[in-house]
1. Search segment 131-156 for residues being open to solvent by less than 30 Å² (accessible area, probe 1.4 Å) and either at pLDDT below 95 or more than 16 Å from G84 (Cα to Cα) (or both), and hand back the single one that is farthest from ligand 1 (Cβ to nearest atom).
2. With respect to A44, determine if the residue is modelled with pLDDT under 95 and of a type in the set (A, V, I, L, M, F, W, C).
3. Within segment 94-111, which residues are touching a helix residue (DSSP H, G or I) at 6+ places or on another chain (Cβ under 7 Å) and modelled with pLDDT of 95 or more?
4. Identify the residue in segment 103-121 that is open to solvent by 60 Å² or more (accessible area, probe 1.4 Å), closer than 17 Å to C147 by Cα and without any contact (Cβ under 8 Å) to a residue 40 or more places away in the chain and, among all such residues, is farthest from ligand 1 (Cβ to nearest atom).
5. Keeping to segment 113-130, report how many residues are out of contact with any strand residue (DSSP E or B) (no Cβ under 6 Å at 6 or more places or on another chain) and modelled with pLDDT of 95 or more.
6. Condition check: of a type in the set (A, V, I, L, M, F, W, C) and loosely packed, with under 13 Cβ neighbours inside 10 Å. Does I58 satisfy that?
7. Only one of these conditions is not met by R212: (1) surrounded by fewer than 18 Cβ atoms within 10 Å (Cβ to Cβ); (2) charged (D, E, K, R); (3) away from ligand 1 (no atom under 13 Å from the Cβ). Which number is it?
8. Report whether or not I197 is open to solvent by less than 40 Å² (accessible area, probe 1.4 Å), within 11 Å of ligand 1 (Cβ to nearest atom), more than 25 Å from T48 (Cα to Cα) and among the β-branched types (V, I, T).
Amino acid sequence: MRNYPNLSTLDHPLIRHKLTVLRDKRTPTKDFRDLVAEIAMLMAYEVTSDLPTEPVDIETPLERMEGATVAGKKLTLVPILRAGLGMVDGILRLIPSARVGHIGLYRDHDTLKPVSYYFKAPSAREQRDFFLLDPMLATGGSAADACTTLKNVGARSIRFLCIVASPEGVEKMLAEHPDVPIYAAALDRQLNEHGYILPGLGDAGDRLFGTR
Ligand code: PRP
Ligand code: URA
């Protein structure tokens, strides 16, 4: 499998285990939802390992000490609707102070191009770090479009977190948004003729919400 300069694969054993159950077609909706949240939380733990901290004086019941708090920019989570919603709660459990924006996009069935229908994100965007969330990076059209939308309203720091990526999607992001690092639980083999990732996990939105 090729190495890409914009891709980090987070293959912690717990992530690999949970992703295997997630991919299994027998996994029911409730378990699928729980697993997406858990994988997102584990990914966020790794992706935030470079967050700067600053010293803070506190008093334990026994004495004073210098502790550490997370410093710097505020974090905004931006799920791409619908399936990105499944990743929000897991990350909020780790970072409850994060704000949440939303980007509504769906992929046209015939052209596979993203169609935009909603956007809302917190103000002062240039001072924030954005985590763009979507379980699937397939052709890359949705992720690239969402990055353009965020940059057009001032975002300067974007990381894209997905669960399954395809080589085609990673290459599109590298061509159009080389400044956006991608974090994925797995890089899969290829897309099929309908733009689905192989081996993949199927339609993430449908499996999360029990549609179809
Ligand atoms: C899926 C997925 C991504 C997109 C990925 O959403 O959640 O947003 O497809 O494909 P791409 O990389 O080729 O753009 P979908 O368009 O099916 O919408 P939904 O989540 O509302 O079902
Ligand atoms: N969207 C999905 O939900 N799954 C894929 O495999 C590709 C796009």
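1. So the residue we want is G154.
2. Numbers: modelled with pLDDT under 95: no; of a type in the set (A, V, I, L, M, F, W, C): yes.
Considered against the rule, which asks whether it is modelled with pLDDT under 95 and of a type in the set (A, V, I, L, M, F, W, C), A44 comes out as no.
3. Once the filter is applied, which keeps residues that are touching a helix residue (DSSP H, G or I) at 6+ places or on another chain (Cβ under 7 Å) and modelled with pLDDT of 95 or more, segment 94-111 yields V100, I103, L105.
4. Here is the first cut: in segment 103-121, the residues open to solvent by 60 Å² or more (accessible area, probe 1.4 Å) are 106-107, 109-111, 113, 116-120.
Still in the running and closer than 17 Å to C147 by Cα: 106-107, 113, 116-120.
Those still in the list that are without any contact (Cβ under 8 Å) to a residue 40 or more places away in the chain too: 106, 113, 116-120.
On the way: Y106: 4, K113: 8, S116: 11, Y117: 9, Y118: 11, F119: 14, K120: 16 Å.
Ranking the qualifying residues of segment 103-121, first place goes to K120.
5. So the answer is 1.
6. On the way: of a type in the set (A, V, I, L, M, F, W, C): yes; loosely packed, with under 13 Cβ neighbours inside 10 Å: yes.
When the stated conditions are applied, I58 passes them.
7. For R212, the exception is condition (3).
8. Values: open to solvent by less than 40 Å² (accessible area, probe 1.4 Å): yes; within 11 Å of ligand 1 (Cβ to nearest atom): yes; more than 25 Å from T48 (Cα to Cα): yes; among the β-branched types (V, I, T): yes.
Yes, satisfied.
The values are calculated or read from the model by the stated rules, or taken from the named source; none is laboratory data. Just so it is clear, the structure is predicted and the values come from calculations on it, not from any experiment. For neighbour counting, all protein chains shown are included, and Cβ atoms are generated from backbone atoms with ideal geometry for every residue, glycine included. Ligands, DNA and RNA are excluded from the accessible area calculation, which covers all protein heavy atoms including side chains. Shrake-Rupley method; radii C 1.70, N 1.55, O 1.52, S 1.80 Å.
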